[in-house]
Amino acid sequence: RAKQAGRNGFRFFTSEMQASSARVMIVENALRHALERDQFQLYFQPQVRLSDSQLVGAEVLLRWEHPELGHVDPADFIPIAEDSGQILQIGEWVLRQAVRQCKAWIDKGLAPILIAVNLSAVQFRDPRFPELVMQVLREEQLPPQYLELELTEGVAMDNPLEAIIIINRLLAHGISMSIDDFGTGYSSLSYLRRFDINKLKIDQSFVCEIGASSENRAIINAILGVAKSLGLKTIAEGVESEEQMTFLREKGCDEVQGFFIGKPLPAEQFEENFERQVLSLNTRLK
Ligand code: C2E
Ligand code: MG
Ligand code: MG
Ligand code: MG
């Protein structure tokens, strides 16, 4: 990965250290204290329905600010946390905070939205995971229909038969499931049919090239066609321009998410924008 650590902080890692095991060890050690030292924060990015411009959901994105390392990208630290097993504890924290926030918004009388939480392969394969999710929902008193779990295509297709069992267990509890970064892996359409999930998230790599590449437009069209015939909802991620949004609307994509609609924000700012967002979206999206 070409990402550099400390996007907003100073450069802690020299170029030689980027990919080195020393760097992995530093991050892994720093992660050990991240939870107790309160260095994590959840950001929320709006998801909007194209047919009526309604805010229908928010994806939860984890942010980590370390006093010396600065801002570390999830693409950098999540794989390290997965390898070390720390992702189980971190993922549970993310889930609980997200569920708690969603419940707090409902209790405040805001229109309920779906809260979409990213799931790591390690969490997904933990046999206790479905029960853990239900326990968190019970303890935080959030009905399961407000929670969506995002599983990447790669994880779902890595062992599809195993995935079907776990996905069905989660769905049976009333939780929604979506396939993240769709189009970047190798989906078997027959497994996709058997997955019985709710939504496909079209990967941003296709969306960002909508204007420039007819191949990518064709791919998006094909994904929308597959989703439609399987009865799956679609959301496009990484929507950065009006042009992209117009194309997606014309092609029948259900929902959009991206910088053009709204950047990921901490809960308080997301909430401030909640109503304003809906209003401004109504004018901006038409
Ligand atoms: P993802 O789930 O595919 O999330 C979408 C990523 O695209 C996020 O990056 C988001 O900030 C970014 N994004 C949103 N809109 C736009 C846009 O219009 N243009 C562009 N260029 N990017 C946009 P982020 O937050 O850096 O997260 C990267 C990945 O890290 C996520 O990809 C997800 O796989 C993982 N991740 C983030 N938070 C969590 C978490 O709590 N748990 C797990 N397991 N993974 C997480
Ligand atoms: Mg995601
Ligand atoms: Mg994605
Ligand atoms: Mg992605």
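The values are calculated or read from the model by the stated rules, or taken from the named source; none is laboratory data. Quick caveat, the model's predicted, so the values are computed rather than measured. Please note: Cβ atoms are built from the backbone with ideal geometry, for glycine as well, and neighbour counts cover all protein chains shown.
Quick notes
- Condition check for Ser51: surrounded by fewer than 18 Cβ atoms within 10 Å (Cβ to Cβ), under 26 Å from Arg128 (Cβ atoms), in contact with an Asp or Glu (Cβ under 8 Å, 6 or more places away or on another chain) and not basic (Lys, Arg): no
- Within the stretch 135-179, being of a type in the set (Asp, Glu), at pLDDT 95 or above and within 16 Å of ligand 2 (Cβ to nearest atom) holds for Glu148, Glu150.
- Considering residues of the stretch 67-86 that are surrounded by 19 or more Cβ atoms within 10 Å (Cβ to Cβ) and not aliphatic (A, V, I, L, M) only, the residue modelled with the lowest pLDDT: Asp76
- Within the stretch 153-177, tally of residues that are closer than 22 Å to Gln135 by Cβ and touching a strand residue (DSSP E or B) at 6+ places or on another chain (Cβ under 7 Å): 6
- Test: Leu265 is in contact with a Pro (Cβ under 9 Å, 6 or more places away or on another chain) and modelled with pLDDT of 95 or more: yes
One line per residue, one yes/no per condition, for (1) touching a helix residue (DSSP H, G or I) at 6+ places or on another chain (Cβ under 7 Å); (2) within 16 Å of ligand 2 (Cβ to nearest atom); (3) of a type in the set (Val, Ile, Thr):
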{"residue": "Asn198", "(1), (2), (3)": "no, yes, no"}
{"residue": "Ile202", "(1), (2), (3)": "yes, yes, yes"}
{"residue": "Leu224", "(1), (2), (3)": "no, no, no"}
{"residue": "Thr234", "(1), (2), (3)": "yes, yes, yes"}
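- Val226 vs. criteria among the aliphatic types (A, V, I, L, M), within 16 Å of ligand 3 (Cβ to nearest atom) and surrounded by 14 or more Cβ atoms within 10 Å (Cβ to Cβ): no
- Yes/no for Thr184 being of a type in the set (S, T, N, Q) and within 13 Å of Cys253 (Cβ to Cβ): no
- Taking first residues from the stretch 221-233 that are under 15 Å from Ser188 (Cα atoms) and partners that are at pLDDT below 95 and of a type outside the set (Phe, Trp, Tyr), the Cβ contacts under 6 Å between residues at least 6 apart in sequence or on separate chains come to Ile223/Gly183; Leu230/Arg193.
- Residues of the stretch 179-204 that are more than 12 Å from ligand 4 (Cβ to nearest atom) and under 14 Å from Asn118 (Cβ atoms): Lys199 alone.
- Single unsatisfied condition, Leu149 versus (1) touching a Ser or Thr at 6+ places or on another chain (Cβ under 9 Å); (2) assigned to a helix (DSSP H, G or I): (2)
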